[in-house]
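K.L.:
Would you mind keeping the following structure in view while I ask a few things?
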Amino acid sequence: QVQLVESGGGLVQPGGSLRLSCEASGITFSSYVMGWYRQALGKEREWVGIITVGGKTNYVDSVKGRFTISRDNAKNTAYLQMNSLKPEDTAVYYCNAGYAENDYWGQGTQVTVSS
């Protein structure tokens, strides 16, 4: 059974930082491209960024320079380090694992940026 479990969300003040984790089980983690998405209330799900099998990353323009995606294949875990958070970053954050026709999602973790 494939599971992706996100953790690390919470309430943070503007300018603060959070690190989200996505722990995978039931897949050969090192073979999967890992992505992060977010969905704000009343809006469509938005792609945030990805990390390839080889460790290359790419991000949506709105988070470049503030967010960093990494992975630890030994721990079957992907991370999303979020710095200089803004109120507009408030959303439910989801991780995604993709390989060939396989596509898996976590349950999401809430991030709220507010003073």
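The values are calculated or read from the model by the stated rules, or taken from the named source; none is laboratory data. Computed from a predicted structure; not experimentally measured. When we count neighbours, we look across all protein chains shown, and the Cβ atoms used for this are built from the backbone with ideal geometry, even at glycine. These accessible areas exclude ligands, DNA and RNA; they are computed on the full protein's heavy atoms, side chains included. Shrake-Rupley method; radii C 1.70, N 1.55, O 1.52, S 1.80 Å.
K.L.:
Inside the range 70-115, can you point out the residues that are out of contact with any Phe, Trp or Tyr (no Cβ under 7 Å at 6 or more places or on another chain), in a strand (DSSP E or B), open to solvent by 60 Å² or more (accessible area, probe 1.4 Å) and within 13 Å of Cys22 (Cβ to Cβ)?
P.N.:
Tyr104
K.L.:
Only one of Glu46, Glu23, Glu6 is of a type in the set (Asp, Glu) and over 15 Å from Gln107 (Cβ atoms). Can you tell me which?
P.N.:
Numbers: Glu23 fails: over 15 Å from Gln107 (Cβ atoms); Glu6 fails: over 15 Å from Gln107 (Cβ atoms).
None of the other options fit; the residue is Glu46.
K.L.:
If you go through the range 23-38 one residue at a time, do you hit one that is of a type in the set (Val, Ile, Thr), closer than 17 Å to Thr112 by Cβ and in contact with a strand residue (DSSP E or B) (Cβ under 8 Å, 6 or more places away or on another chain)?
P.N.:
Checking the range 23-38: not a single residue is of a type in the set (Val, Ile, Thr), closer than 17 Å to Thr112 by Cβ and in contact with a strand residue (DSSP E or B) (Cβ under 8 Å, 6 or more places away or on another chain).
K.L.:
Also, quick follow-up: So, of the residues in the range 16-39 that are assigned to a loop (DSSP other than H, G, I, E, B) and touching a Leu at 6+ places or on another chain (Cβ under 7 Å), which turns out to be least open to solvent (accessible area, probe 1.4 Å)?
P.N.:
Here the answer is Gly16.
K.L.:
Is it true that Gly42 is open to solvent by less than 40 Å² (accessible area, probe 1.4 Å), outside any strand (DSSP E or B) and not aromatic (Phe, Trp, Tyr)?
P.N.:
Considered against the rule, which asks whether it is open to solvent by less than 40 Å² (accessible area, probe 1.4 Å), outside any strand (DSSP E or B) and not aromatic (Phe, Trp, Tyr), Gly42 comes out as no.
K.L.:
Here is a further query. Could you tell me which of the residues Gly55, Gly49 is closer than 24 Å to Glu101 by Cβ and part of a loop (DSSP other than H, G, I, E, B)?
P.N.:
Going through Gly55, Gly49 in turn, the sole match is Gly55.
K.L.:
Based on what the data block shows, is Lys86 at pLDDT 95 or above, among the charged types (D, E, K, R) and more than 21 Å from Val12 (Cα to Cα)?
P.N.:
Spelling it out, it is not the case that Lys86 is at pLDDT 95 or above, among the charged types (D, E, K, R) and more than 21 Å from Val12 (Cα to Cα).
Residue-by-condition table, conditions (1) closer than 19 Å to Val2 by Cα; (2) touching a residue at least 12 places away in the same chain (Cβ under 8 Å); (3) not β-branched (Val, Ile, Thr):
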residue	(1), (2), (3)
Gly42	no, no, yes
Gly49	no, yes, yes
Ala74	yes, no, yes
Met82	no, yes, yes
Thr90	no, yes, no
Cys95	yes, yes, yes
Tyr99	yes, yes, yes
